[in-house]
Structures are given as C-alpha cells and as structure tokens.
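Colleague: Below you'll find the structure I mean.
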Amino acid sequence: MPRATPLAAAIAAATALPLLAVVPPAAASPAPTAPAVERTAERPAGPAAAPAAGPPGTGWTQVFGDEFGGGAVDTAKWNFRTDVKANSAQRPQNVTQSGGLLHIALKKEDHAGKQFTGGGVISKKHLRYGYYETRARINDGAGWHTAFWLQAGDGSTTYPAEQRTEIDGFETDSVSPTKTYHTVHGWVGSGVHGPVTIGSGSYDTGLDLRQWHTYGVDWSESGVKFYIDGALKYTAPYTPGQWTHDYTAVWLTSIATGSLPDASKLPSAASFDYVRYWQRDYYVDNDGAAAYGYSTTGTWQTSALTGWTKDSPVSYGCAAGAAATWRPRLSAGGSYEVFLRKSVSATGGDPAAKVTLNNAGAVSTRTLDERSGSPGWVSLGTQTYQSGTGASVSLTASGTGCAHADAVKFVRR
C-alpha cells in the first residue's frame, strides 16, 4: 500500500504550477452561451479560473454526475482502471479524493512488471447521447497521457469485447502540455478497429493544459462536438449509418505512454474537479441498453432489414394485432417532437400498420405504409409531455403484411 506522503506532495506540486497567460486560438468558434453552474462555498477556489460551461442551448436535464466532494471514490458509481498498458500499471490506490477533487497519482514504482503506475475511474453507468463535461488539469513532466473519454468497459482492459464506439473528449500527452486530440473511433470489439476514425489530430489549443480547463462533449445522432472552456473546437460528423452508436462509460484516466516519464517530476498527479452529464433527447430501441421501455405482444421475429444504427436489428410481426410498444423515461417535462423509425419491405411490409401515440391518456392514431416509400424517421408531431413514463408509441400489425419494430425518439423542441 503506497504511503500518503508522496501523493500529498504530488498534489501540492500540481497545485503550485504557475498560471500562464491564456491566448485562445484564432480559429475557435464560440459555443452558444449557457448559464454557468454555481459552485458551493466549500469548493476549492483554484478551478474557478476555468468556469463550468454547461451544455449549449436549452432543454437539458442533468441526470448523472459526480462533484468528487466525498472523502473517497464513490464505488457505487465508479470502477477503477486496473489494466497494465504501455509504460505503466494502473492501480486503484492511486485514485483519491480531497478538497472536492479527484486525483490520479502518477508514480515511479515497480508494479506488475512496469516501473511506473497511473490509474483512473470508469463509470458503472453507461450512457449515450447528451452533453458530457469535466474540468481537469494535467501533470507537469513528460511521459503521461491524460484523457476524458467515452467507451464501453469496466476498466480491466481498454479492449473489452463490447467495444464499439470510442469518443475522446480530450487526450493530452504531458510532453506537449498545450496540445490535445478530439477523436471518434469505431471498434469491432476486443481491440479490433472498425472502419471509422474521425479526429482533430494533435493541435495546439493555445492554452496551458496544466492549468484548469473545462472540456465538453456534445454527442447527438448527427455527430460529436468538442468544446474547451465553452468554445467549440472540433466537430466529428459521426452518424448511425457509419458505425454502431452504442452505450458507453465515462473514463477519467492517466497512464504512462510514449517516452518514459521524467522521474524528476514524480510523484505528480492529474486532477478532475467534477464530471456531469445532461440529457435532452430520449431514444427507445428494440434491443440493447436502449430497450429499457420496449415490449411486445404476439409473435415477433428478427428481420434481415437494417436498423436505424449500424448492426441494430429490426423485428417483425405478421399476425393481426401483434404490437410493439416503446415507452421512454423522460427526466423532464417539456415540448418534444416524437419520431418512429420506419422500415420498408416492398414484398412483405405492412401497408396499413397502425401507429398509436399515447400522451398520458391523450391518444392519436395514424396508418403507416411499410410496403412503399423510404426507410427513416417519421414525425408523429410535437406536443408537451410530462416527465416520467406516461408517454408511449405503439405499432400494431394489420394482418395484411408484416409490421417492423425498430426504434422511437423523443426530441426536445
């Protein structure tokens, strides 16, 4: 078990870094203004140099986060990173909380065949579309790679079998403390890379990332937007047809990679002030993590048709009265436009499938022709909905063909 003294020295050394002048890059595009999140009196004053930005626009509800205000990592929310990779082994003992901050100690010590140790935390909750934000500062001294990123997994490996989508909110190598990356990767699983990589490349932010800065990721169906201190830095056009949009965990990590770390700068620490996740739109699918509100009556089978996101299956039911229902959990009431994803089969699709929209007892119906036209999202109109599970969409087979169940979405307006 490592002693407390080196870690305390690391944190003190990181806190004592000189504050450099911040010169924003000329190419940065300002994000829409959003109200800053107020800090309580007991929170440390240091991170105030980079105020919380919050999500752009309106209609967001925070549904996950950690302010790191306790005396220890909340293991009900987080797993520890424990893999051995590149030049370091990752240890739970290296991750601590104090002063309202999460610290990842970076050390020169022999463990699991490596000469250095790092660490990190990975959220047990897996999420998808929404706005993610953290405030962080990297260490001083070469040899370390600190990141805020989204990917499936529990921290035991960065190559889990369920690995599909990776979104890197920032990746910074401490040898170049003004540069970072914003990247989207597609994976087939277990470290096998898929056909998708969309990234900013390493670029100079014009900021000293050893000081506190705020990093945001706005992930939607149409792509990913990356922010630093509220300014839009890069947009990745990552669509569901390119690759699977799966549910991912939040990773806050720092490991040794590249050239060996500068031992004269150790022990040190990378620190995170908070992590927050806001949601605005709600998707319910017929499979996977987003099938939380999906149910069927009658007989349904797996179709060969392509779903709304790559490798997402479509189900079909042919008997009259066979019904599929999607029921979202809306965290906040408000105005939403509702969409049903239409599938098309020219030979077997139902030309008169019944679509029922139920808004807390206010019911409207329409007919959906799945034998002609093009597949895609079909709008069912915009209404005001209450929070909770009082709204639903149902698709019922008419018996004159096979109705196809894929997904619905409630988009905040």
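Colleague: Find the residue count for the range 58-82, including only residues that are open to solvent by 40 Å² or more (accessible area, probe 1.4 Å) and touching a residue at least 60 places away in the same chain (Cβ under 8 Å).
Modeller: Residues in the range 58-82 being open to solvent by 40 Å² or more (accessible area, probe 1.4 Å) and touching a residue at least 60 places away in the same chain (Cβ under 8 Å): 7 in total.
Colleague: How many residues are hydroxyl-bearing (S, T, Y), open to solvent by less than 10 Å² (accessible area, probe 1.4 Å) and more than 23 Å from T117 (Cβ to Cβ) when one looks only at the range 144-179?
Modeller: Here the count works out to 1.
Colleague: Only one of (1) without any contact (Cβ under 8 Å) to a residue 40 or more places away in the chain; (2) closer than 20 Å to Y282 by Cα fails for G373. Which number is that?
Modeller: So G373 meets the others, but not (2).
Colleague: If you don't mind, there's one more thing I want to ask. Search the range 280-291 for residues that are within 11 Å of W308 (Cβ to Cβ) and pair each with any residue that is of a type in the set (D, E) and buried (at least 22 other Cβ atoms within 10 Å of the Cβ) when their beta-carbon atoms are under 9 Å apart and the residues are at least 6 apart or on different chains.
Modeller: D285/D406; N286/D406
Colleague: State the number of residues belonging to the range 138-162 that are in a strand (DSSP E or B) and in contact with a Leu (Cβ under 7 Å, 6 or more places away or on another chain). Before you say what the answer is, go through the steps one by one.
Modeller: So in the range 138-162, the residues in a strand (DSSP E or B) come out as 144-151.
Next, from what is left, pick out any that are in contact with a Leu (Cβ under 7 Å, 6 or more places away or on another chain): 144, 148.
Result for the range 138-162: 2.
Colleague: Related question: Would you list the strands (runs of 3 or more DSSP E) that sit entirely within the range 257-342 and hold 3 or more residues that are under 30 Å from G120 (Cβ atoms) and not basic (K, R)?
Modeller: Numbers: elements: 268-279, 282-285, 294-297, 315-317, 323-326, 334-342.
By residue number, 268-279, 282-285.
Colleague: So for the range 388-398 (the condition being loosely packed, with under 15 Cβ neighbours inside 10 Å and either in contact with a Gly (Cβ under 9 Å, 6 or more places away or on another chain) or assigned to a strand (DSSP E or B) (or both)), does at least one residue qualify?
Modeller: Of the residues in the range 388-398, the ones loosely packed, with under 15 Cβ neighbours inside 10 Å are 388-389.
Filter again for either in contact with a Gly (Cβ under 9 Å, 6 or more places away or on another chain) or assigned to a strand (DSSP E or B) (or both), leaving 388-389.
Yes, the conditions are met somewhere in the range 388-398.
Colleague: Oh, and also: Picking from G201, G169, G189, G155, which residue would you name as being closer than 19 Å to T309 by Cβ and among the small types (G, A, S)?
Modeller: G189
Colleague: Within the range 352-363, can one find any residue that is part of a loop (DSSP other than H, G, I, E, B) and open to solvent by less than 30 Å² (accessible area, probe 1.4 Å)?
Modeller: No, every residue in the range 352-363 fails to be part of a loop (DSSP other than H, G, I, E, B) and open to solvent by less than 30 Å² (accessible area, probe 1.4 Å).
For (1) in contact with a helix residue (DSSP H, G or I) (Cβ under 7 Å, 6 or more places away or on another chain); (2) open to solvent by 60 Å² or more (accessible area, probe 1.4 Å); (3) more than 25 Å from S222 (Cβ to Cβ), each residue gets a yes or a no:
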position: Y294; (1), (2), (3): no, no, no
position: T302; (1), (2), (3): no, yes, yes
position: K310; (1), (2), (3): no, yes, no
position: A320; (1), (2), (3): no, yes, yes
position: R329; (1), (2), (3): no, yes, no
position: A332; (1), (2), (3): no, no, no
position: Y336; (1), (2), (3): no, no, no
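Colleague: Does the range 84-113 hold any residues that are under 16 Å from S268 (Cβ atoms), more than 25 Å from the chain's Cα centre (by Cα) and part of a strand (DSSP E or B), and which are they?
Modeller: Looking only at the range 84-113, we keep the residues that are under 16 Å from S268 (Cβ atoms), and these are 87-88, 90-91, 93-96, 98, 101-109.
Filter once more, so that each one left must be more than 25 Å from the chain's Cα centre (by Cα): 87-88, 93, 98, 106-109.
Answer for the range 84-113, where residues must be under 16 Å from S268 (Cβ atoms), more than 25 Å from the chain's Cα centre (by Cα) and part of a strand (DSSP E or B): S88, S98, L106, K107, K108, E109.
The values are calculated or read from the model by the stated rules, or taken from the named source; none is laboratory data. Since the structure is predicted, the reported quantities are computational estimates derived from the model, not experimental observations. In this analysis, Cβ positions are derived from the backbone assuming ideal geometry, glycine residues included, and neighbour counts consider all displayed protein chains. SASA here: full protein model, heavy atoms, side chains in, ligands and nucleic acids out. Shrake-Rupley method; radii C 1.70, N 1.55, O 1.52, S 1.80 Å.
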